[in-house]
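Please read the structure below before turning to the comments.
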Amino acid sequence: LCLFFSFHAGVRGLDVEQSPSALSLQEGAGAALKCNFSKAVNSVQWFRQNLRGGGLTSLFFIASGMKQSGRLNCTVNMRERSSTLHIAASQLEDAASYLC
Ligand SMILES: *[C@@H]1O[C@H](CO)[C@@H](O)[C@H](O)[C@H]1NC(C)=O
Ligand SMILES: *[C@@H]1O[C@H](CO)[C@@H](O)[C@H](O)[C@H]1NC(C)=O
């Protein structure tokens, strides 16, 4: 099971750092993917993209605190200018690129 985490900066002049850049996990393991930003942001959006390419699926739009959807949750820390996506009990279907 491979989770790729690729770089995406949606705003001009904003640097986004994503870590780790790639991740390979045992099925069932959890993962945390983090983005941090060079400037303050109002909100963060997370997407998933199928490994074969294709469209982006929106996972979360978050402006504060925490959001949860099934095995996924997302937190944002505006003071640290960072956002983390947590995946619990990973499954094959989670193998994808994740973008913030
Ligand atoms: C992200 O955080 C790391 C560690 O705090 C820092 O070194 C880096 O400059 C940050 N990246 C951006 C784009 O702000
Ligand atoms: C988010 O997911 C992580 C990993 O599964 C978990 O440890 C954490 O408690 C969850 N956060 C909340 C607020 O549910």
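No lab work stands behind these numbers, since they all come straight from the coordinates. Note that the structure is a prediction, hence the values are computed from the model and not measured. Virtual Cβ from ideal backbone geometry, glycine too; neighbours counted across all protein chains shown.
Annotations
- If you plug the beta carbon distance of Ala88 and Arg12 into 1/(1 + (r/R0)^6) with R0 = 35 Å, you get a FRET efficiency near 0.55.
- Rounded to the nearest 20 debye, the dipole size of the chain about its Cα centre is 280 debye, using +1 on the Cβ of Lys and Arg and -1 on the Cβ of Asp and Glu.
- Between Thr57 and Ala95, the contour length at 0.36 nm per residue exceeds the Cα-Cα span by 12.4 nm.
- The three principal axes of the Cα atoms in the chain give end-to-end lengths of 35, 26, 21 Å, sorted in falling order.
- Placing unit charges on each Cβ (+1 for Lys and Arg, -1 for Asp and Glu) gives the chain a dipole about its Cα centre, and among Ser58, Ala31, Ser90 the Cα reaching farthest toward its positive end belongs to Ser58.
- Fraction of the pair-distance distribution of the stretch 50-100 above 14 Å, Cα-Cα pairs, percent: 56 percent
- Arranged from fewest to most other beta-carbon atoms within 10 Å of their beta carbon, Thr75, Thr57 become Thr57, Thr75.
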